[in-house]
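Only the coordinates and a few stated rules stand behind these numbers; no lab work does. The model shown is predicted, which means the values in this text are computed figures rather than measured ones.
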Amino acid sequence: MNKSSYFVAAALTVAILAITALIFAQQKKPDTMSCPMAEKMSNSSPDDCPMMKKETQGSNMTEHDEMVMKNGEKAMGFSQTATTHHFLLMNDGGAIQVTANDANDTDNRDKIREHLKMIAQQFKNGIFTTPVAVHGQVPAGVPEMDKLKDKIDYSYEEVENGARVRIVTSDARALAAIYDFLRFQITEHKTGDPLNAPEK
């Protein structure tokens, strides 16, 4: 076989591999036309489906994102893909809120409530081992929240399909620390929640 034949054979091999990779990539794309929750989402497009968003986000996850998800499953005791986290900045502090995506998913709902009830008590005592375990680092705001724990009130509240931990303070330093903590969580969990409290 001469050099010309080798070149043609190599070019054909590369072309076949490229076409195969393209076909495989097309097959791996999520079906954005069918939302498993469409029946419960009147007047919404498939792009609004939280389950489809989770699937789409999965393809863009970094190693750190995957680590946070894996650690979250272990430390929190409930599915990270079947639930939704929100971290809300408020004028008097904020809230950590988690809900099950499916209203019929009582298993994850109950696990969320059990976990957040424990978190409210732990944070009240200055124990932040769970967020450290989830993120593999001490979250922003935690050292100050620990120092100022006597100036912060943590309370557990149940919400539809889940629960929340309300964090309240009247101390300016504690408030700044709470905001730092919640912003860290918003960024780490990529929740898309506002990074600033609403204007008074």
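Here are a few things to note about the model shown:
- Only lysine pairs 8 or more places apart, or on different chains, with alpha-carbon atoms under 26 angstrom apart are counted in the stretch 96-200, and they number 14.
- Gyration tensor (alpha-carbon) shape descriptor, the stretch 90-200, a/c threshold 1.5: prolate
- Shape call, the stretch 151-200: gyration tensor on alpha carbons, a/c limit 1.5: oblate
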